[in-house]
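Student: Supplied in structure tokens, the structure appears directly below.
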2 protein chains.
Amino acid sequence: MRIGELAQQAGTTTRTLRHYESLGLLPARRAGNGYRTYDEDDLRLLRQIRVLQDFGFGLEETRPFVDCLRAGHPAGDSCPASLEVYRRKLAELDDCIGHLRRVRAEVGAQLARAERETAALKAAAEVPGGPPPLCALAPPDIEEELSTP
Amino acid sequence: MRIGELAQQAGTTTRTLRHYESLGLLPARRAGNGYRTYDEDDLRLLRQIRVLQDFGFGLEETRPFVDCLRAGHPAGDSCPASLEVYRRKLAELDDCIGHLRRVRAEVGAQLARAERETAALKAAAEVPGGPPPLCALAPPDIEEELSTP
DNA sequence: GTAGACGTTGACGTGGACGTCAAGGCCAGG
DNA sequence: CCTGGCCTTGACGTCCACGTCAACGTCTAC
């Protein structure tokens, strides 16, 4: 199959495939006319790359998986190097999640504080002579409205 | 104060300050010789920016806070625009954390599966004639070791 | 033979927050 | 006067995974 078809099969673009080839990640055979030629194995490699990409792996991090598949192993993660990448990624994810949670807590606290202070300032500004009575004019009119239909 | 001193006070670099100025985020007065001149208020603005940066805010997201401070408000988050940025950031953080947690779970599951399969393959490869007996030779020697000191 | 759909290489653009030169001006101390 | 340390502007480099455009070759169908 040619580059366009492979791209379509994998839900990506030809530019991406050429990019992978430029990195030596997914080299292609060439037909007589210079066109890149791929087979089903390449599709599997590519799918492996895409799955890891969706997980947020960098392209270099997918290399052990690709190499593992090309070495004939049944899965990209059948090799120790791939497992190491998994573990490193888990650690990274934990760090990142922890960091974001701390930030989230801090930002949430700041928002709550700022909202309190804003409310306090508003109240102080709007009420130099005590709070205005609720429904200052409405109640006397209620009977009218209810009794005049 | 000049740019180098401000940078030092805020724990950043002169390049960063010039960058902020190029964005109109932290403009500077100029001395007669063309040198940038800052005061304590600028330091406060800069500290506000840095805090938000540490939270992962983009520079444009810090602008409402800076504008708010420059407008004379006591805090950068005393203005509605700043509160909106807080809220948007909280939503973003929640999305991001949720995403990362899902990815973490998936990667964790993949690692566990791959480790099981690797172990299974090893076992199958190493034991073509059944599992080796545990402590095949050790037990007979125990009495010797215990009785010969 | 020509239009159109594919393919090729090469090279620059994107976004974000700066880093890192380069070439030169300003000012204090010795 | 000269050195050294600060400052100036301008411009290119970084990282990453491609997007986008240009200019051109190849193959098929009409």
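Student: Roughly how crowded by other chains is peptide B:73-83, in terms of the mean Cβ count from those chains within 10 Å of each of its Cβ atoms?
Tutor: Counting other chains' Cβ atoms within 10 Å and averaging over B:73-83 gives 3.
Student: Take the eigenvalues of the Cα gyration tensor for the range B:3-118, scale each by 5, and report the square roots as semi-axes in whole Å, largest first.
Tutor: Ellipsoid semi-axes (Å, largest first): 40, 19, 9.
Student: Is there a simple number for the mean count of other chain Cβ atoms within 10 Å of the Cβ of residues in B:90-98, and what is it?
Tutor: Mean inter-chain Cβ contacts per residue within 10 Å come to 4.
Student: For the pairing of chain B with chain A, what total accessible surface becomes buried, with a 1.4 angstrom probe, in square angstrom to the nearest 100?
Tutor: Roughly 2700 Å².
Student: Per-residue mean of other chain beta-carbon atoms within 10 angstrom of the beta-carbon, peptide B:103-112? Numbers along the way, then the final one.
Tutor: On the way: counts 9, 8, 1, 3, 11, 6, 0, 11, 8, 1.
Partner-chain Cβ atoms within 10 Å, mean over residues of B:103-112: 6.
The values are calculated or read from the model by the stated rules, or taken from the named source; none is laboratory data. It should be emphasised that the depicted structure is a prediction, and the values quoted were computed from it without experimental measurement. Here the Cβ is made from the backbone with ideal geometry for all residues, glycine too, and neighbour counts use every protein chain on show. Protein only, heavy atoms only, side chains kept; ligands, DNA and RNA dropped before computing areas. Shrake-Rupley method; radii C 1.70, N 1.55, O 1.52, S 1.80 Å.
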